[in-house]
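Peer 1: Quick one: the structure is below, and I'll ask about it shortly.
Taken together, the values in this text are just the output of simple stated rules run on the coordinates, not laboratory data. Bear in mind that the values here come from a model prediction, so they are computed numbers and not experimental data. As a convention, Cβ positions derive from the backbone with ideal geometry for all residues, glycine included, and neighbour counts pool all protein chains shown.
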Amino acid sequence: MAWRSKDQSCTKEKSRQTATGQLTLQILSYEFLGPIKLSEWGPPMDQVIYILLNRTKDSFQMIYVGESEKSQDVDFFKKHEKSKCWIDSAGSEANLYLSVYPMWNSTPDERKRLISKIIHKYKPSCN
């Protein structure tokens, strides 16, 4: 799915699938895996940038961008300090979706630089 920076949303018509059938989102020049319903996510999660999205009909709106070094915690997203903002922005947990960009062997600084670029361009409401 390609992002339109003007309204921070993407449409179903612009979705892409990898050779294995995995949906992807093109953010800047990076292909993020997903989106999937946040409720379908499960650990582990190692060295990734993640994006939380709100789904409304046929579009997604970026509401938060973050990074993780490593997590085995099933409640990683529920325990996050911004989880209330995500739910408020999405209207309910059922409208929350997740996309990830694996950055294996990356440093926290490398991930934070990419996050800064994404936030600067898309201005997610919960960042």
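Peer 1: What is the distance, in nm, between label points placed 7 Å from the Cα along the Cα-to-Cβ direction at Gln26 and at Lys112?
Peer 2: Each label point is offset 7 Å from its Cα along the Cβ direction, giving 3.1 nm.
Peer 1: All other residues with a Cβ under 15 Å from the Cβ of Leu38 taken together, and with Lys, Arg as +1 and Asp, Glu as -1, what is their net charge?
Peer 2: That works out to +1.
Peer 1: If you don't mind, there's one more thing I want to ask. If you place +1 on the Cβ of every Lys and Arg and -1 on the Cβ of every Asp and Glu, how big does the dipole about the Cα centre of region 83-127 come out, in debye to the nearest 20?
Peer 2: 240 debye
Peer 1: Let me ask you something else. Find the percent of Cα-Cα distances in region 13-127 that exceed 26 Å, and round it to a whole number.
Peer 2: The answer is 12 percent, as a whole percent.
Peer 1: Further, regarding this structure: Checking the table Lys37/Lys78; Lys57/Lys117; Lys37/Lys84; Lys37/Lys79; Lys37/Lys82 against a 21 Å threshold on Cα-Cα, which pairs fail?
Peer 2: From Lys37/Lys78; Lys57/Lys117; Lys37/Lys84; Lys37/Lys79; Lys37/Lys82, over 21 Å: Lys57/Lys117.
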